[in-house]
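In what follows, a structure is listed as structure tokens, so that the remarks can point back to it.
The values are calculated or read from the model by the stated rules, or taken from the named source; none is laboratory data. A quick note: this is a predicted structure, and the numbers were derived from the prediction, not measured. Cβ sites come from the backbone with ideal geometry, for glycine too, and all protein chains shown count toward neighbours.
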Amino acid sequence: MKIAIIGYGKMGKTIDQLATGMGHEIVLKIDQNNQDDFIKANLQQADVAIEFSNPESAFENLSKCIQAGTPVISGTTGWLDKKEAIEVLCKEKNGAFLYASNFSIGVNIFFELNAFLAKMMNQQNQYDPSMVEIHHTQKLDAPSGTAITLAENILQEVRRKSYWINDQSETDNQLSIISERVDKVPGTHTIKYESSVDSIEIKHVAHSREGFARGAIQAAEWIVGKQGCFGMKDVLGFSPESKKG
């Protein structure tokens, strides 16, 4: 598989190393220093593009890939107010686009566990849910995209919570997300249900970026030859459509 890497920071370099070791070929690497190479002809040399950049450039990066007809997967967070526009463009161009707030296989299993637990806790009003997410000090957005996905899944099931805030909750209908930034922490997400008599806690701890990178490569392998807008649920067979298949 020929891969274009859009955004050659720490994650891009990890993907490069792992993908090359798996026998894939990196045919294009784009960062802020070689934007002149980010053109349609070069993108079309790749079977798939993997985009890990920043919130400010993600929309333009993904648009270029879709316009070039190159399937693209993105793990950039903090730009989702424009995600619907990318999905519209993808459908117009009969392209292929996959977004995940976190490509780690373990995290995506954690997403499913979180939703299942939230569904069970909906009727248990004595428990108050909250979340803590910890990342490295270079992470630009807070809360993390992973934390937002976890929070949205809780809000969908636990009806006594109306919205999340990135602070300690002040009212009963707020879901608290506390963001901490600690040097060299790849990512830790803890969800806690607290009552006056006990607590229930689930946690995912990433040990390195490798889990994220491996999941991204798996998603890239999966999307080649497909059309449409997807997520990791499709890659891992967790979506209703996947289960029908």
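See the values below:
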| read-out | value |
| --- | --- |
| Boolean, residue 51 is at negative phi and buried (at least 18 other Cβ atoms within 10 Å of the Cβ) | yes |
| Verdict on residue 133 being under 19 Å from residue 102 (Cβ atoms) and either surrounded by 13 or more Cβ atoms within 10 Å (Cβ to Cβ) or not assigned by TED's automatic domain parsing to the domain that holds residue 53 (or both) | yes |
| Count of residues meeting criterion [farther than 16 Å from residue 126 by Cα, free of Cβ contacts under 8 Å to residues at least 40 places away in the same chain and assigned to a strand (DSSP E or B)] in the stretch 165-178 | 1 |
| All positions within the stretch 148-164 that are free of Cβ contacts under 8 Å to residues at least 40 places away in the same chain, farther than 14 Å from residue 118 by Cα and surrounded by 15 or more Cβ atoms within 10 Å (Cβ to Cβ) | 164 |
| Test for residue 142: is it over 22 Å from residue 50 (Cα atoms), in a helix (DSSP H, G or I) and not assigned by TED's automatic domain parsing to the domain that holds residue 25 | no |
| Single unsatisfied condition, residue 119 versus (1) in contact with an Asp or Glu (Cβ under 9 Å, 6 or more places away or on another chain); (2) surrounded by 16 or more Cβ atoms within 10 Å (Cβ to Cβ) | (2) |
| From 191, 223, 217, residue being within 23 Å of residue 127 (Cβ to Cβ) and not aromatic (Phe, Trp, Tyr) | 191 |
| Where residue 64 falls short, out of the listed (1) loosely packed, with under 14 Cβ neighbours inside 10 Å; (2) farther than 20 Å from residue 215 by Cα; (3) more than 18 Å from the chain's Cα centre (by Cα); (4) not hydrophobic (A, V, I, L, M, F, W, C) | (1) |
| Odd one out for residue 202, checked against (1) of a type in the set (Val, Ile, Thr); (2) buried (at least 16 other Cβ atoms within 10 Å of the Cβ); (3) assigned to a strand (DSSP E or B) | (2) |
| All positions within the stretch 170-187 that are surrounded by 15 or more Cβ atoms within 10 Å (Cβ to Cβ) and modelled with pLDDT of 95 or more | 174, 175, 176, 177, 178, 179 |
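Yes/no per residue for (1) within 24 Å of residue 212 (Cα to Cα); (2) in contact with a Pro (Cβ under 7 Å, 6 or more places away or on another chain); (3) at pLDDT below 95:
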residue	(1), (2), (3)
114	yes, no, no
118	no, no, no
139	yes, no, yes
152	yes, no, no
158	no, yes, no
167	no, no, no
